[in-house]
Amino acid sequence: MNEALRRVRVIDSHTEGEPTRVVIDGGPDLGRGTMAERLAIFREKFDDLRSGIINEPRGSDILVGALLTPPTSARAVCGVIFFNNVGFLNACGHGTIGVARTLAHLGKIGAGSHVIQTPVGEVTIHLDPAGRITIDNVASYRAAKDMAVEVPGRGRVVGDVAWGGNWFFLISDHGQTLSLENAEELTRYAWDVRAALTRAGIRGDDRSPGGGEIDHIELFGPPQRSDADSKNFVLCPGKAYDRSPCGTGTSAKMACLFADGMLNEGQVWRQESIIGSLFTGSVRREGEKLIPSISGSAHITGEATLILDPGDPFRYGIRAR
Ligand code: PYC
């Protein structure tokens, strides 16, 4: 059967500088299973579509995609599956704030609290009347403190392994300059660390639902803003760096601070990003679990219909072969 021309409606936004492209129509039908089952179907059967929506020439390496799905629970407004230039994300903090802004833009939610389902758990979003968005993320924790890894050409690097909805390796002692001008070298450094972790078999643990691969590297340094506690640089799985302070990364950071007794329940943590934008966070205990909250702002940047024409050799994006 001939392939039909496909139209995919998207709304683009940015959260503290990091873009999110929400698919609101024309995405794949992932069935009625659990969110984890839907993610598996997306990965196995519709990876071409992921690439077409997010990669050049329609998108770029720095975009994060968010496919809205019907919820599986009556408590939730929708489900969401996040994806990027190379595959899928377990969760995404800046992306969830972008989804909340998009749902408000569409008139599907108003001020108040709403539940969104992800493949790794429920996230609650709070939209305040002035438009600021807070998310209560999935439970976060540190799995290992002061893990050492030998990075060829760079020596021994020590960091913590923590879960904040994705797996992170968090490094404070890196000798790098955390500035936007230095982003290329920071990218090389973080990529080398990630490869070394993989080679050394250093992974997250199996308490998280997302598999143990550490695919985000997070470097910390002193803030530049007078209202921030720390500045970070976060390298994402597709080798793009997060322009926002990274919601799941800030959650992982606060879990480490809490474990070290350096952050109390309810105490505010202000995380500056590499571009100078800010997330405000805090943690609270729910039984054994530690729930991080992250606040930030998102802005709509565009509404579009993508066209995937069967006659276009790059309808499914430009991909390395
Ligand atoms: O905000 O959690 C986040 C995130 C992950 C990857 C890009 N942003």
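The values are calculated or read from the model by the stated rules, or taken from the named source; none is laboratory data. Since the model is a prediction, treat every value here as computed from it, not as a measurement. Every residue, glycine among them, receives a Cβ derived from its backbone with ideal geometry; neighbour counts consider all protein chains shown. Keep in mind that these areas ignore ligands, DNA and RNA; they rest on the heavy atoms of the full protein, side chains included. Shrake-Rupley method; radii C 1.70, N 1.55, O 1.52, S 1.80 Å.
Structure notes:
- Computed accessible area, ASP205, all protein chains, 1.4 angstrom probe, square angstrom: 40 Å²
- Difference of contour (0.36 nm per residue) and Cα-Cα distance, ALA320 to ARG284: 8.7 nm
- Cα centroid separation, the range 199-223 to the range 142-172 (Å): 7 Å
- Cβ-based net charge around ALA240, under 10 Å, with every Lys or Arg adding one and every Asp or Glu removing one: -1
- Only protein heavy atoms count here; under a 1.4 Å probe, TYR141 has an accessible surface of about 40 Å².
- Accessible area per residue, Å², the chain with all protein chains present, probe 1.4 Å: 43 Å²
- Cα gyration tensor shape for the range 184-240, rounded if a/c is under 1.5, else prolate or oblate: oblate
- In this structure ARG194 has an accessible area near 40 Å², from a 1.4 Å probe over the protein heavy atoms.
- Sorting 149-160, 268-279, 38-49 by average packing, meaning the other beta carbons within 10 Å per residue, from highest down gives 268-279, 38-49, 149-160.
- Restraint check, LYS145/LYS239; LYS108/LYS289; LYS145/LYS289; LYS45/LYS231, Cα-Cα greater than 28 Å: LYS108/LYS289; LYS45/LYS231
- With Cα atoms as the point set, the chain shows a radius of gyration and Dmax of 18.9, 62 Å.
- Contact order normalised by residue count of the range 244-321, Cα under 8 Å, 6+ apart, percent: 24 percent
- Scaled radius of gyration (Cα, divided by 2.2 N^0.38 Å) that the range 167-271 gives: 1.07
- Gap separating the Cα centres of the range 32-53 and the range 288-321, nearest whole Å: 14 Å
- For THR72 and ARG203, the difference between the fully extended length at 0.36 nm per residue and the C-alpha to C-alpha distance is 44.1 nm.
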